[in-house]
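Chemist: Have a look at this one.
Each value in this text was obtained by applying a stated rule to the coordinates, not by laboratory testing. Given the structure is predicted, the values throughout are model-derived calculations rather than measurements. Here the Cβ is made from the backbone with ideal geometry for all residues, glycine too, and neighbour counts use every protein chain on show.
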Amino acid sequence: MRWKSAVGVAVMLGCASPALAQESAGQSLDEIAPQIDALFARYQADQHIPGLVYGIVQDGKLVYLKGRGVQDVTTGTPVDGDTLFRIASMTKAFTALAVLNLRDRGKLRLDDLAEDYVPEMKRWTYPTADSPRIRVRDLLHHVAGFVTDDPWGDRQQTLSQDDFTKMLAAGVPFTQAPQSRFEYSNFGYALLGRIVANASGMPYADYVRITILRPLGMEASGYDVTRAPRAHYAFLLSAWPPRNEADAGPIRRATVREIAQGLNFVSLATRAGASGETACKQAAAYGMGWRVAQDCDLGLTLSHGGGYPGYGSHVMLMPDFGAGVFALSNRTYAGPSAPAWDTAVAMERAGLLKGRSVPVTPDMVAMIAVARAVYDAGDLAPMQDRLAMNFLMDRSAALWAKDLAALKAQLGACPTAEPPVARGALGAVFRLNCERGKLDGQILLAPTHPLTVQALRLRPARD
């Protein structure tokens, strides 16, 4: 795939969206900038990279951008924010979005057989008699049974569409039965490109340009290295969190959020970078065009590298915080994943990652007020008409009165409260400020109309 990207082509970036107001950061980005620059300078020297560019996006803005080294060792032209780089496998994110967009338009279904759109596949010989036939979804998640093919796949850039069709007609060997386990396959995403073309009725590159790049103003990005002007725009992170405002992008926010959905082939992974050895392990899977991992410090993360002769790239997104880090280099397979993740960790430690809130609904505010009344009264009477059918089965009214009396003896009255934090529309945690400490509460509503309380937990705060 001949893709060149200006540094600012931050598909990983996001437009402005609601954010949770938090306490001020311990350090500013300007204060930790020397630390970030040192991370990339060290990586550049260790990997003998002629030039690289890296940046940080947050809340829909490119908040940091830095180029180092040269574009060409012969001319010595310096790298800057308009330098073009091949991003290689990072284009899988665009392929996945194109497929999902076609699904939204009713042109295909993810559970359709891939051979419905690539008829040459109908004559393939599968590895076992009980092998399932490949679905579109299997290709998205790299579970189609193909062998890992980075060395071979990187040299197929000049393969014509006619020769690709001949390859498909001849069939390919499998390394395992489809849907058995994850194995990264560039060939599988090439098949998705053919599916996009056949389902849309236009060449793959044209479909991506018309439906994704052009609406976003991403004229600096394309698949033809001779026609790549310079620009930079933002898109993906704007899909988080879910909210009521109208969709403004070419792909629905709900569709974009699907890229974080992996199949049930989860593995333990070590975070990239210097902190990886001491950080807790990640639970990682391949979503749709992205490696998806839950990180103890960084929350939900989406990441992908790109490797191609002469280039290496990496991007990592943190949707929970509306932030991302990207880095592009001009040395073969020198994807700067380590300094990118180390930069994210540095931002977290500096207090620069701001979590996004789920609003506390009026119904939940009212229920928390009733919970406070229960504590003040010392019994369940204020909540009697709002209890779900399970509530008194789990603990009797007499036991509740006994426990409430013990809490009040320990903490006294609790006249004020801190702002509650929502755990979805039907759950929340809250804290009361008491005469002799603090009381932590958790309330969970039942899925009933009218709303009722299925669980209430109260305990002295531990901090």
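Chemist: Can you bin region 251-304 into rounded, prolate or oblate? Criterion: square roots of the alpha carbon gyration tensor eigenvalues sorted a ≥ b ≥ c, rounded for a/c under 1.5, prolate for a/b above b/c, oblate for the rest.
Modeler: prolate
Chemist: If you find the alpha carbon centre of region 153-188 and of region 95-136, how far apart are they in angstrom?
Modeler: 14
Chemist: If I model a spin label as a point 7 Å beyond the Cα along the Cα-Cβ vector, how far apart are those points for Leu159 and Val421 in nm?
Modeler: 4.9
Chemist: What are the radius of gyration and Dmax of region 59-108, computed over its Cα atoms and given in Å?
Modeler: Rg and Dmax of region 59-108, Cα atoms, are 17.4, 51 Å.
Chemist: First measure r as the distance between the Cβ atoms of Ala254 and Thr448, then evaluate 1/(1 + (r/R0)^6) with R0 = 35 Å and state the FRET efficiency to the nearest 0.05.
Modeler: So the FRET efficiency works out to roughly 0.85.
Chemist: Quick check: the distance between the Cα centres of region 426-463 and region 376-393, to the nearest angstrom?
Modeler: Measuring centre to centre over Cα atoms gives 13 Å.
Chemist: Please report the projected area of the chain's Cα convex hull averaged over all directions, in nm².
Modeler: 26.2
Chemist: For n ≥ 4 DSSP H runs only, could you compute -39500 (n - 2.57) per run for the chain, divide by its residues and tell me the 222 nm figure to the nearest 500?
Modeler: Dividing the helical sum by the residues of the chain leaves -8000 deg cm²/dmol.
Chemist: Follow-up. Using only the Cα atoms of region 268-407, build the gyration tensor, take square roots of its eigenvalues as a ≥ b ≥ c, and label the shape rounded, prolate or oblate: rounded if a/c is under 1.5, else prolate if a/b is larger than b/c, else oblate.
Modeler: prolate
Chemist: Work out how much length Glu245 to Ala398 would gain on full extension: take 0.36 nm times their residue separation and subtract the Cα-Cα distance, in nm to one decimal.
Modeler: This chain segment gains 50.4 nm when fully extended.
Chemist: Taking the Cβ-Cβ separation of Ala33 and Asp363 as r and a Förster radius of 56 Å, what is the calculated FRET efficiency to the nearest 0.05?
Modeler: Calculated transfer efficiency: 0.80.
Chemist: When DSSP beta bridges are limited to those with both residues in region 362-460, what percentage is antiparallel, rounded to the nearest 5?
Modeler: If we restrict to bridges inside region 362-460, about 95 percent are antiparallel.
Chemist: Taking 8 Å as the Cα distance limit and 6 or more residues as the minimum spacing, I'd like the relative contact order of the chain as a percentage.
Modeler: Normalised by residue count, the contact order of the chain is 18 percent.
Chemist: Continuing with the same structure: Under 1.5 on a/c is rounded, so check that first for region 362-460, then, if it is not, pick prolate when a/b is larger than b/c and oblate when it is not; a ≥ b ≥ c are the square roots of the alpha carbon gyration tensor eigenvalues.
Modeler: Verdict is oblate for region 362-460.
Chemist: Scan around Gly51 for amide H atoms under 5 Å from its own, H built in the peptide plane at 1.01 Å from N, and keep only partners 5 or more places away or cross-chain.
Modeler: The list, which skips near neighbours in sequence, is Val70, Asn330.
Chemist: Please work out how much length the chain gains when fully extended from Met167 to Leu113, using 0.36 nm per residue of separation minus the C-alpha to C-alpha distance, in nm with one decimal.
Modeler: Taking Met167 through Leu113 to full extension adds about 17.6 nm, to one decimal.
Chemist: Now for a different question. Just grab the label-to-label distance for Gln261 and Met202, each label 7 Å out from Cα along the Cβ direction, in nm (one decimal).
Modeler: Here the modelled spin labels are 2.7 nm apart.
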